[in-house]
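**Student:** First the structure, then my questions, so here it is.
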Amino acid sequence: MKKLKSLISIALVAVMSLLGAGCSSKDSGLDKIKLAEVTHSVFYAPQYVAIEQGFFKDEGIEVELLGAQGADKTMAALLSGEVQIGLMGPEASIYVYNQGSKDYSICFAQLTKRDGSFIVGREPNDNFTFDDLKGKEILGGRKGGVPEMTLEYGIKNSGLVIGEDTANGEVNVRTDIQFGVMAGAFTGGEGDYVTLFEPLATSIEKEGSGYIMTSVGQETGEIPFTAYSALGSYIEKNADLIQRFTNAVYKGQQFVQTHPAEEIAKIISPHFTELSLEDLTTVVARYKEIDAWCQDPVLKEESLTRLMDVMELAGELNERAPYNEIVTTKYAEKAMK
């Protein structure tokens, strides 16, 4: 898609600058992986657990985390070779495959199974429904990204119309504000509502600038929201490393399924020093409550099909990508054994 090509070209400039600032660690004898995450969020708790509990080190891997702020920038980092693995929505792999790229990204391990963002409004509303968005403006994120498309999916399934004519009840989903500055734009007065990931949503609520209304993922159901991807050429040359990486991810997934929010929060707290342990526990419990995390890293075909249904409904997909081309499950399946 021409649109994604331009987005990635622009993102490459930002990513090269961002990643150039990354710190290199001392030689530890471990295989070093640069991992770009689409955003830094408690939503990815299984990953941070795997890091802090030493699951990656047990597999002989040292992970360097880099924040890319958006799937387009994460994919740009992957395509440029600045990182080896990207954590982002599978839609990015679909877009790149449909461009006809010879060396496209392949999803090898799914991490989350529903939208991890929350709708934040300006006034408290314990009885919020999507109908409350009628005639309102909501900051929805980058057009073509899974968070924005999932939001549109929920709005349309509620019988509402998306458009700029709010006076006649349409919902104006704004896509003109960059993912990384949506919270600041909202607190600065933009929009009636905004979609935010944790811990941003809780931080906004704590400072009295907004109130969490509902979980988008809880309202819209399961979808392969974020997965680990690598270029096909990299996977082919580093199959053992990809397997060990997936093993560690699976251990993290199993841990969060079997341990309480308080323990998980304490473990991942070094990654979220801006939050008190009490607030972090609240956020972890919120994600556990909506069943956000996959129990295993297998990205199933029916899940990808549902994602492409959402993309088509949003008008962002002209051609479906073959499941067997952009997804491999052999590493996830072996990890589970």
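**Student:** List pairs: first residue in the range 251-269 and under 20 Å from Asp58 (Cα atoms) and of a type in the set (Val, Ile, Thr), second residue open to solvent by 70 Å² or more (accessible area, probe 1.4 Å) and outside any helix (DSSP H, G or I) anywhere in the structure, Cβ distance under 8 angstrom, at least six positions apart or on different chains.
**Tutor:** Final answer for the pair search is Ile267/Gln53.
**Student:** Still on this structure: Among the residues of the range 131-150, is there at least one that is over 20 Å from Gly67 (Cα atoms), hydrophobic (A, V, I, L, M, F, W, C) and either open to solvent by 10 Å² or more (accessible area, probe 1.4 Å) or assigned to a loop (DSSP other than H, G, I, E, B) (or both)?
**Tutor:** Checked the range 131-150: no residue is over 20 Å from Gly67 (Cα atoms), hydrophobic (A, V, I, L, M, F, W, C) and either open to solvent by 10 Å² or more (accessible area, probe 1.4 Å) or assigned to a loop (DSSP other than H, G, I, E, B) (or both).
**Student:** Among what's in the range 216-229 and is within 15 Å of Ala109 (Cα to Cα) and not β-branched (Val, Ile, Thr), pick the residue that is surrounded by the most Cβ atoms within 10 Å (Cβ to Cβ).
**Tutor:** Ser229
**Student:** Another question about this same structure. For the range 100-129: of the residues being open to solvent by less than 10 Å² (accessible area, probe 1.4 Å) and aromatic (Phe, Trp, Tyr), which is farthest from Phe179 (Cα to Cα)?
**Tutor:** Phe108
**Student:** Follow-up. Which residue out of Gly180, Gly163, Gly169 is farther than 21 Å from Arg306 by Cα and under 22 Å from the mean Cα position of the chain (by Cα)?
**Tutor:** So the residue among Gly180, Gly163, Gly169 that is farther than 21 Å from Arg306 by Cα and under 22 Å from the mean Cα position of the chain (by Cα) is Gly180.
**Student:** On to the next question. Would you point out the residue of the range 154-208, among those that are among the aromatic types (Phe, Trp, Tyr) and assigned to a helix (DSSP H, G or I), that is modelled with the lowest pLDDT?
**Tutor:** Phe179
**Student:** Can you name the strands (runs of 3 or more DSSP E) wholly within the range 1-99 that have at least 2 residues being modelled with pLDDT of 95 or more and open to solvent by 10 Å² or more (accessible area, probe 1.4 Å)?
**Tutor:** The qualifying strands (runs of 3 or more DSSP E) are 31-37, 61-67.
**Student:** Does Glu198 satisfy being surrounded by fewer than 24 Cβ atoms within 10 Å (Cβ to Cβ) and not small (Gly, Ala, Ser)?
**Tutor:** Considered against the rule, which asks whether it is surrounded by fewer than 24 Cβ atoms within 10 Å (Cβ to Cβ) and not small (Gly, Ala, Ser), Glu198 comes out as no.
The values are calculated or read from the model by the stated rules, or taken from the named source; none is laboratory data. Because the structure is a prediction, the values reported are computed rather than measured. Please note: Cβ atoms are built from the backbone with ideal geometry, for glycine as well, and neighbour counts cover all protein chains shown. These area figures cover heavy atoms from the full protein model, side chains too; ligands, DNA and RNA do not enter into them. Shrake-Rupley method; radii C 1.70, N 1.55, O 1.52, S 1.80 Å.
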